[in-house]
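The values are calculated or read from the model by the stated rules, or taken from the named source; none is laboratory data. Being a predicted model, the structure only gives us computed values, none of them experimental. FYI the Cβ positions are ideal-geometry reconstructions off the backbone, even for glycines, and counts take in every protein chain you see. The area values use the complete protein model at the heavy-atom level, side chains included, leaving out ligands, DNA and RNA. Shrake-Rupley method; radii C 1.70, N 1.55, O 1.52, S 1.80 Å.
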Protein chains: 2
Amino acid sequence: MTRGTGAQGAARRRILSFIRDNGEASRGEIARAFAMDKKAVSVAVETLRAEGLLAVSGLRESRAGRRSESLSLNGGHAAALGIDLGATHVIGVLADLAGTVLDRASYEIRPGLPVDLILTQMKTIASRLLSARREPVVRAAGVCVPGFIQPEEGISLVAENINGWRDVHIREVFQLELGIPVQAEDSSRSFAAAERWLGQARGAADFIAVDIGYGIGMGMYCGGVLQRGGSWKSGEIGHTVMDPEGLPCACGGRGCLETIASGRAIARQAAEGIRAGRSTLLRDLTKGIPEAVTAQDVGIAASMLDGYAISLLVDAGSAVGLALANASAILNPSVVVLGGGLVSSGRVFVDAVKDAVRRHLMPGIGQDMRILVSRLGADGPARGMALMALEGILEGTRSAAAGTRTSVSTSDGG
Amino acid sequence: MTRGTGAQGAARRRILSFIRDNGEASRGEIARAFAMDKKAVSVAVETLRAEGLLAVSGLRESRAGRRSESLSLNGGHAAALGIDLGATHVIGVLADLAGTVLDRASYEIRPGLPVDLILTQMKTIASRLLSARREPVVRAAGVCVPGFIQPEEGISLVAENINGWRDVHIREVFQLELGIPVQAEDSSRSFAAAERWLGQARGAADFIAVDIGYGIGMGMYCGGVLQRGGSWKSGEIGHTVMDPEGLPCACGGRGCLETIASGRAIARQAAEGIRAGRSTLLRDLTKGIPEAVTAQDVGIAASMLDGYAISLLVDAGSAVGLALANASAILNPSVVVLGGGLVSSGRVFVDAVKDAVRRHLMPGIGQDMRILVSRLGADGPARGMALMALEGILEGTRSAAAGTRTSVSTSDGG
């Protein structure tokens with residue numbers, strides 16, 4: 001019970017987090033960062049090297065001309081599986097302790113697919129990735145889903161954009177299937193974790209990561225800590241109300257950001273435009289079937305300078321920018337990372353987001369904030385999930401499901 | 001340098017924070033809360049009692065029928081001064097380590113008073129409170145101001161609602177005057193700290209406290225930690241944009257919440273109504289001088305069932321409620337505390353806030369959240385500030401300005 005609560009546990013966590021957040025670090029840098037005794041740092045580092053968690057990744061010349069060893073996490077020590085269930089895809093990633101992707105697999109899914117079919121596809125991907133590789137040992141897995149999570153029990157309570165997805169006992173189902181500890185998380189949070197450890201938010205203690213795809217979600221770090229809110233439901237920027245008189249939303253509200261600016265909303269608006277006889281390339285791209293149009297088609301049409309498609313993306317980006325300006329006035333992040341399908345659709349959308357933030361955010365806060373586009377591609381949430389699943393190993397707990405119950409028994413599920 | 005970073009420092013901080021957050025606690029409760037060894041808890045508690053930080057406040061019967069001592073912070077160990085500068089007041093409070101108010105003093109000020117006159121009034125209050133009492137020793141002071149702060153240097157960068165208030169070197173000025181360590185903070189954050197330690201947010205790890213007066217500010221705790229953002233500018237809910245086409249705001253933006261729902265905005269709207277010949281008691285309350293009307297007058301008229309005054313408060317409350325619903329969708333707080341002049345004006349405003357939150361917030365998040373009215377009155381920010389100034393003593397640092405440089409030299413100021 002008291003493991004990790006003493007001085008050694010605290011030093012261990014600090015050192016490993018510091019190295020992960022910075023990619024690599026020397027003993028001297030660690031000592032300076034935490035005002036620790038150099039001797040104590042060396043002792044702790046030797047223990048972590050003996051356990052196989054740290055490796056020397058190179059030599060650096062210090063200012064005084066002395067050489068010091070750069071320490072990194074030892075990828076070969078352990079691997080974990082991250083599975084990301086989105087509204088339109090299942091992505092599985094096998095990553096090692098250092099965050100390197102060892103293998104990946106994905107399926108496209110249709111919105112509306114039955115829940116048990118989706119679960120079967122997720123299990124298939126997981127099993128395939130697990131069986132394809134023997135080294136390093138896969139010690140844990142994580143599954144992320146867009147929506148409310150009960151992380152202590154590993155239950156996905158609801159994923160609004162997946163029909164019929166309610167109270168899915170992720171931990172129970174996948175521990176039984178895979179035989180390793182499994183945790184569940186909201187996919188916007190695992191996306192934020194990936195940006196913090198591998199992406200655009202490296203070194204940022206206060207940042208937000210927004211995932212704009214079929215739906216819109218947000219993960220946030222405040223004071224260097226991933227936040228989950230009072231009942232694990234934080235980050236619902238997609239359900240901030242932009243227009244109290246607006247369209248009804250799937251959440252039961254009205255005029256939420258998702259009704260205006262999500263991939264789903266843009267596809268709906270495009271279909272309406274085609275039906276109303278707007279002159280647009282989208283008509284040709286979808287062979288005249290309005291229902292077939294997707295947000296991706298809108299991105300393609302916009303890249304071909306189609307005026308109507310551009311206007312749809314500008315309006316959506318402006319709405320996202322206003323919501324982000326308001327979130328930033330409250331949170332004062334140093335970095336905002338934009339990710340998800342709409343962001344990769346091209347510059348029109350991202351430029352509209354940036355313009356709206358500039359217009360609506362207090363200059364004193366805006367001047368201290370950078371808006372960056374994710375470079376992790378569609379795999380961000382799955383990679384972040386794999387690394388979150390490995391947290392327990394870094395923390396020195398026996399199993400890998402950090403901050404959650406770690407029994408592999410399935411008898412306590414529902 | 002390493003004081004407080006070892007195991008003993010960590011245990012010490014945990015125990016003192018736990019007792020402060022809960023008012024009192026037994027050794028057994030502390031041991032259970034942190035999975036600590038009972039012996040280790042007893043040793044740490046004895047040290048803290050010997051230092052005079054903890055006192056036995058009573059005896060409790062445990063479930064097993066055994067008696068255990070309740071431990072509290074020992075108020076008599078130290079006191080601190082908290083000075084709160086608002087747009088319309090200066091409030092000074094002398095509080096002991098347990099948060100008990102020993103003395104207070106206040107001035108009303110007019111918006112538009114010159115900065116040096118305001119500083120003189122603040123110093124007068126501080127000196128009066130310091131000289132009136134010898135026990136317990138006043139070890140530190142804190143000054144809170146609504147606006148951006150540079151806490152490391154103790155500089156108040158700007159207070160929008162106070163004309164000409166820019167780059168005021170709070171620490172330098174008051175350390176010179178008082179001869180004790182001084183820190184500066186945004187007053188919405190010290191209000192939040194007061195609610196966490198003494199008020200409606202006791203025991204809540206994730207909550208927001210909104211101060212609705214002449215301006216509108218917000219303090220927030222996420223994961224049990226007071227947040228300041230990436231550049232100490234978090235909490236600007238008053239400058240979230242409610243209407244992109246709305247009125248210009250003092251911040252340079254347009255349609256901010258403060259242009260619609262602050263005390264200043266309500267007074268402006270009331271004056272416009274009187275000028276436009278609206279039938280309202282406000283006309284009599286202000287003897288027909290529209291410029292003389294205040295938000296307080298509107299509250300009084302509303303309590304006399306004046307329809308126009310009520311409509312102003314309902315509109316303002318609805319706007320605050322929408323902004324709070326959006327902040328809550330992002331932060332998922334378990335408690336929202338409402339404070340400030342408008343809140344104490346009566347139920348009309350508060351009911352409108354609650355109605356709007358219910359209307360606009362996702363039910364899944366709203367069901368886990370309570371909206372409570374502060375009971376600390378106007379002294380909340382000053383009391384919180386006094387306790388924040390005492391943080392350093394609880395943390396075991398030599399002086400009391402936690403997290404800030406603590407030199408009393410004034411040569412490094414500007």
Original post:
Which residues, counting only those in segment B:9-41, are more than 14 Å from chain A (Cβ to nearest Cβ), open to solvent by 30 Å² or more (accessible area, probe 1.4 Å) and touching a helix residue (DSSP H, G or I) at 6+ places or on another chain (Cβ under 6 Å)?
Top reply: B:Arg27
Original post:
Got at least one residue in segment B:378-390 being surrounded by fewer than 17 Cβ atoms within 10 Å (Cβ to Cβ) and more than 19 Å from B:Gly235 (Cβ to Cβ)?
Top reply: no
Original post:
Within the bounds of segment B:355-376, is there any residue that is part of a helix (DSSP H, G or I), buried (at least 22 other Cβ atoms within 10 Å of the Cβ) and within 20 Å of the chain's Cα centre (by Cα)?
Top reply: no
**OP:** Quick one: which strands (runs of 3 or more DSSP E) lie wholly within segment B:48-143 and hold at least 2 residues that are surrounded by fewer than 21 Cβ atoms within 10 Å (Cβ to Cβ)?
**Re:** B:54-61, B:67-73, B:101-108
Original post:
Taking segment B:200-225 as the region of interest, how many residues are open to solvent by less than 30 Å² (accessible area, probe 1.4 Å) and of a type outside the set (Gly, Ala, Ser)?
Top reply: 10
Subject >> Criterion (within 30 Å of the chain's Cα centre (by Cα) and over 30 Å from B:His360 (Cα atoms)) met by exactly one of B:Ala323, B:Ala301, B:Ala292, B:Ala319 >> reply: B:Ala292
Subject >> In segment B:161-198, the residues that are open to solvent by 20 Å² or more (accessible area, probe 1.4 Å) and either among the small types (Gly, Ala, Ser) or closer than 18 Å to B:Ala327 by Cβ (or both) >> reply: B:Gly164, B:Gly179, B:Arg196
Subject >> Hey, A:Val158 in contact with a Phe, Trp or Tyr (Cβ under 6 Å, 6 or more places away or on another chain) and open to solvent by less than 20 Å² (accessible area, probe 1.4 Å) or not >> reply: no
Original post:
Out of segment B:216-237, which residues are facing chain A (nearest Cβ under 7 Å), β-branched (Val, Ile, Thr) and either touching a residue at least 24 places away in the same chain (Cβ under 8 Å) or touching a Leu at 6+ places or on another chain (Cβ under 6 Å) (or both)?
Top reply: B:Ile237
Original post:
Which of the residues that make up segment B:328-345 are at the interface with chain A (Cβ under 9 Å from one of its Cβ atoms), part of a loop (DSSP other than H, G, I, E, B) and either without any contact (Cβ under 8 Å) to a residue 24 or more places away in the chain or crowded, with 23+ Cβ neighbours inside 10 Å (or both)?
Top reply: B:Asn332, B:Pro333
Subject >> Complete set of residues in segment B:238-262 that are more than 7 Å from chain A (Cβ to nearest Cβ), touching a Leu at 6+ places or on another chain (Cβ under 7 Å) and either under 25 Å from B:Asp368 (Cα atoms) or among the aliphatic types (A, V, I, L, M) (or both) >> reply: B:Gly238, B:Met242
Original post:
Checking B:Ala271 against (1) in contact (Cβ under 8 Å) with a residue 24 or more places away in the chain; (2) of a type in the set (A, V, I, L, M); (3) open to solvent by less than 20 Å² (accessible area, probe 1.4 Å), which test does it fail?
Top reply: (1)
Original post:
Within segment A:228-259, which residues are of a type in the set (A, V, I, L, M) and touching an Asp or Glu at 6+ places or on another chain (Cβ under 7 Å)?
Top reply: A:Ala250
**OP:** Could you list, in sequence order, all residues of segment B:201-218 that are farther than 20 Å from A:Trp232 by Cα and within 11 Å of the chain's Cα centre (by Cα)?
**Re:** B:Val210, B:Asp211, B:Gly217, B:Met218
Subject >> Any chance A:Ala301 is away from chain B (no Cβ under 14 Å) and either in contact with a helix residue (DSSP H, G or I) (Cβ under 7 Å, 6 or more places away or on another chain) or aliphatic (A, V, I, L, M) (or both) >> reply: yes
Original post:
Looking only at residues in segment B:18-30 that are of a type in the set (Gly, Ala, Ser) and modelled with pLDDT of 90 or more, which one is nearest to B:Gly199 (Cα to Cα)?
Top reply: B:Ala25
